[in-house]
Structures are given as structure tokens and as C-alpha cells.
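Reviewing the structure listed below.
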Amino acid sequence: MVNEGTFHIGPIRPPSEAASLLIQVTRGCTWNKCKFCNLYRHTRFKAYSADSVKRDIDVIAAYAEEIEEYRDGAGWDLDGLNGRLQRFRDDEARQCFYMVAQWLIDGGENVFLQDGNTTVLSSGRLSEVLVYLKQVFPQIKRITSYGRAEELSSHSAEYYAELKEAGLDRIHSGFETGSDRVLAMINKGTTAEHEITAGRNVRAGGIELSVYFMPGVGGRELSGENAEGTARVLNAVNPDFIRVRTAAVKPGTELYEDFRQGEYCLCGDDDKAREIRRVIELAEGVTTQLVSDHMVNLLQDINGNLGSERDRRKMTARIDQYLGMPEADRRVFQLLRRTLRAYDLDDLAQLTAEQREQLREAVREEPEARWDEKMNGYISRFI
């Protein structure tokens with residue numbers, strides 16, 4: 001009989017977990033009220049029992065054992081695996097098999113525990129899952145998860161040390177901003193003090209911390225405060241990573257309704273670039289790696305260690321290169337980037353003089369407010 005077992009898989013994971021096995025430990029988000037996000041708006045939060053997650057791990061293990069039979073020396077019998085996929089009758093089971101196969105083909109080393117706030121589980125329950133997972137798959141090198149700043153701040157360094165001992169290596173947390181005014185405006189349900197306490201305790205427990213900064217989420221009015229507040233939190237915590245996630249005000253969210261009613265003014269790409277530059281400029285005494293690893297970011301090649309003067313100069317020079325271009329050229333790059341026709345500024349050199357002039361003429365005609373709304377619409381497609 002053909003094995004068609006299934007296990008729970010959530011909807012999202014960080015780009016850095018693209019090669020990771022996804023295992024759903026909780027479903028949805030405990031807060032679920034951020035004004036910029038509607039991902040879990042119609043999903044009731046659920047925390048799965050340790051036994052339930054361990055059953056999912058058993059299903060994954062059964063698939064992994066079968067998939068290993070398709071290992072062909074140093075490679076894989078991909079035709080055989082594709083044939084096995086075709087024999088599935090159940091689409092969900094097919095998806096589960098495919099994920100495990102892809103994970104093993106990619107090395108089978110990393111796991112991401114979903115959904116939005118797994119650290120709401122008691123350390124005992126989460127540790128039980130972590131220990132079991134590593135027993136079943138001893139080759140695992142990294143286990144990562146999401147956690148909300150407010151929830152993370154409620155746990156001691158000892159809590160995180162216990163999770164580290166059980167196998168949790170990294171926590172991702174969507175701080176978004178370090179400004180209390182912006183946090184309140186987007187109804188994040190947390191404060192800068194929560195972020196600082198959370199970050200310090202996670203790191204003191206020996207777990208890597210990856211936080212997210214959302215340039216532009218404060219709108220035009222709070223753009224400067226968004227950057228400066230974020231830098232203050234960054235300096236207080238010194239996380240391992242700060243990942244840039246450019247704000248996209250997506251239709252269907254409360255923040256988009258605020259925009260439509262004139263209560264929120266969109267930030268343009270120039271303001272967002274200046275925010276990133278300001279955070280780099282104000283970073284002090286940290287060794288944090290700044291990472292721009294998502295397609296929503298205009299300047300995706302801005303990456304470096306904030307503790308390295310060389311890296312800081314390189315990153316700010318790239319931002320200054322963009323900001324120093326004529327407005328029409330900045331708009332041309334925005335358009336090409338947002339429509340996936342350019343990756344970085346160097347791609348502009350591939351345009352002929354005629355192509356560049358045609359694009360300049362096309363973008364000059366749009367009023368600033370309408371242009372920012374148009375670019376926001378492009379960005380929203382990727383969220």
C-alpha cells in the first residue's frame with residue numbers, strides 16, 4: 001500500500017530558511033492584530049501538543065526512509081522520485097513528500113518550526129519536541145523558529161538556555177521598529193522595552209537572534225523616528241542579525257484603510273533608503289549582521305557587519321550612489337526593480353541610451369503621491 005501520510009505545514013518562513021524542513025508547532029499568531037498584516041486574520045490560534053508534533057515527525061521519518069532508497073551514490077534518482085510523486089492520490093500528501101525530498105536533497109540539515117509564535121509553548125513542551133526531532137534526525141545542524149517580542153520578553157535567560165540545550169539554535173522576531181510611536185500606530189502589541197528585554201534574554205540564553213526592521217512602516221510623518229528608534233533598540237540588544245523588510249501597505253489590511261482614508265501617508269523608496277542609512281549610521285558598539293535578503297527591498301545588495309567600518313562604508317556608499325542619482329533615474333530603477341527587471345543598480349548600465357530616455361519620460365509624468373502608491377502596489381504583490 002502506498003504511504004500517503006501528512007504532517008502540518010504553515011504558510012510562511014524566512015527567506016533564510018528556504019532549504020529548511022517546515023514543521024508546524026503552533027498555528028496562527030497569538031496577537032493577530034498588527035495593522036500591516038492579515039496573514040492569520042481568519043485563523044484561530046492553536047498550539048499543538050508535543051505528541052501531535054511527534055506524530056508529524058514520525059510521518060516525516062517514514063517518508064525520509066523511503067526517499068533514501070532513491071539516493072544514487074553521491075546523487076539522487078530524480079526520475080524515480082518524480083515517478084513516486086505522480087503515484088500520490090492525495091495532493092496534501094504529495095506536498096509533504098515533496099518537501100521532505102527537497103529537504104534531503106538540499107542536505108537535510110536545517111529545520112524551521114512554524115507558525116508565528118512558537119515560544120508561547122512551555123519550555124518543557126517545546127524541549128520535548130526539539131529533543132525528539134534531533135533523536136530522529138541526528139544530522140540536523142540548525143533549528144530555528146519565530147517569536148513575538150512581547151512573548152519573548154516574558155521568559156528568562158534560563159528558559160532560552162533550556163531550549164538551546166534541547167536544540168533550538170535561532171529565533172526570528174519581527175521587531176519591525178524600535179519606535180514606541182510607530183509600534184502603537186501599527187498596533188504591534190509590544191514596546192521598545194519589550195524588544196530590548198526579549199533580545200537580551202534570548203542572547204543571554206545562548207540562542208542566535210534575528211530581528212526584522214521595516215523601513216517605511218511609520219509612514220512619511222514618522223520616518224526619521226522609525227529609523228532612530230530602531231537604532232536605539234539595535235544598540236541595546238546587539239542581535240546577531242537585523243533583516244530589512246521594506247514596508248508594504250497591502251490592500252485588505254487596517255493600515256491600508258488608514259492610507260485610503262488619508263490618515264497615513266506612504267513613505268517613498270527614497271525615504272526608506274534614508275532610513276536604512278540612518279540605522280547604519282547610528283549603529284554603535286554592535287557586531288550585528290545587516291541582511292537585505294527579500295525581494296521587497298529596493299537595494300537587496302546592502303549587506304554587511306555593522307561592527308566593521310569597511311562594511312558600513314560600503315553599505316552607505318551604495319545607498320548614497322542611489323540617492324545621488326537624478327530623480328528620474330531613481331524612479332527608473334524603482335520601476336525596473338519592482339517589476340523584477342533589475343536586481344541592483346549595476347543593471348542600469350545594461351540599458352541603451354534610448355531605453356533609458358524612454359523610461360525617464362514615462363516616469364516623469366507621475367505625481368509623487370501617485371508614484372509612491374504605484375510602487376507600493378508592486379511591493380504588495382510579494383507579501
Exercise. For the pair residue 382 and residue 158, how long in nm is the line joining their label points, each one 7 Å along Cα→Cβ?
Worked result: 4.4
Exercise. For helix 269-282, what angle does its Cα long axis make with the longest principal axis of the chain, in degrees from 0 to 90 and rounded to 10?
Worked result: 70
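Give me the extension gain from residue 165 to residue 141: residue separation times 0.36 nm, minus the current Cα-Cα distance, reported in nm with one decimal.
Values: separation 24, 0.36 × 24 = 8.64 nm, distance 1.32 nm.
Length difference between fully extended and current span is 7.3 nm.
With 10 angstrom as the radius, rank 271, 320 by how many other C-beta atoms surround their C-beta, starting from the fewest. Before the final figure, lay out each step's value.
Details: 271 19, 320 12.
Ordered by Cβ neighbours within 10 Å, fewest first: 320, 271.
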For this session: May I ask you to compute the full-extension gain from residue 309 to residue 257, defined as 0.36 nm times their residue separation minus their alpha-carbon distance, rounded to one decimal in nm?
Result: 14.6 nm
Exercise. When the chain is modelled as a GNM with alpha-carbon springs shorter than 10 Å, which of 239, 11, 215 fluctuates the most?
Worked result: 11
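Given a Förster radius of 41 Å and the C-beta distance between residue 19 and residue 349 as r, what FRET efficiency does 1/(1 + (r/R0)^6) yield to the nearest 0.05?
Numbers: r = 32 Å, r/R0 = 0.78.
According to the calculation, E is roughly 0.80.
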Exercise. Cα axis of helix 223-237 to longest principal axis of the chain: angle in degrees, 0 to 90, nearest 10?
Worked result: 40
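Got the relative contact order for segment 257-372 handy, in percent, Cα pairs under 8 Å and 6 or more residues apart? Walk me through the numbers on the way to the answer.
Values: 93 pairs, mean separation 26.2, N = 116.
Value for segment 257-372: 23 percent.
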For this session: Within 10 Å, count the other beta carbons around each residue, average over each peptide in 305-312, 279-286, and list them highest first.
Result: 279-286, 305-312
Exercise. Each residue of segment 316-326 in turn: what ³J(HN,Hα) in whole Hz from Karplus with 6.51, -1.76, 1.60 and θ = phi - 60°, glycine and Pro shown as x?
Worked result: 5, 5, 5, 5, 5, 4, 5, 5, x, 6, x
Exercise. So what's the angle, to the nearest 10 degrees on a 0 to 90 scale, between helix 192-204 and the longest Cα principal axis of the chain?
Worked result: 40
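How much of the DSSP beta bridge set in the chain is antiparallel, as a percent to the nearest 5? It would help to have the intermediate numbers written out before the result.
Numbers: 6 of 29 bridges.
Here the share of antiparallel DSSP bridges comes out near 20 percent.
Expressed as a rounded percentage, what relative contact order does the chain have, with Cα pairs under 8 Å and six or more residues apart?
Numbers: 656 pairs, mean separation 49.5, N = 383.
13 percent.
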Seminar exercise, completed: Across the chain, qualifying lysine pairs (alpha carbons under 23 Å, at least 8 places apart or different chains) come out at 21
For this session: With runs of 4+ DSSP H residues as the only contributors, calculate the mean residue ellipticity of the chain at 222 nm using -39,500 (n - 2.57) per run, divided by the residue total and rounded to the nearest 500.
Result: -14500 deg cm²/dmol
Exercise. By counting other Cβ atoms within 10 Å of each Cβ, how are 382, 259 ranked from fewest to most?
Worked result: 382, 259
For this session: Name every cysteine in the chain that ends up alone, with no second cysteine's Cβ under 4.7 Å, or say none.
Result: 29, 96, 265, 267
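Ranking 357, 151 by Cβ neighbours within 10 Å, fewest first, what do you get?
Numbers: 357 13, 151 20.
Least to most surrounded, the residues fall as 357, 151.
Throughout, read-outs are computed from the coordinates displayed, never taken from laboratory work. Just so it is clear, the model here is predicted, and its values are computed rather than measured. All Cβ positions, glycine included, derive from the backbone under ideal geometry; neighbour counts span all protein chains shown.
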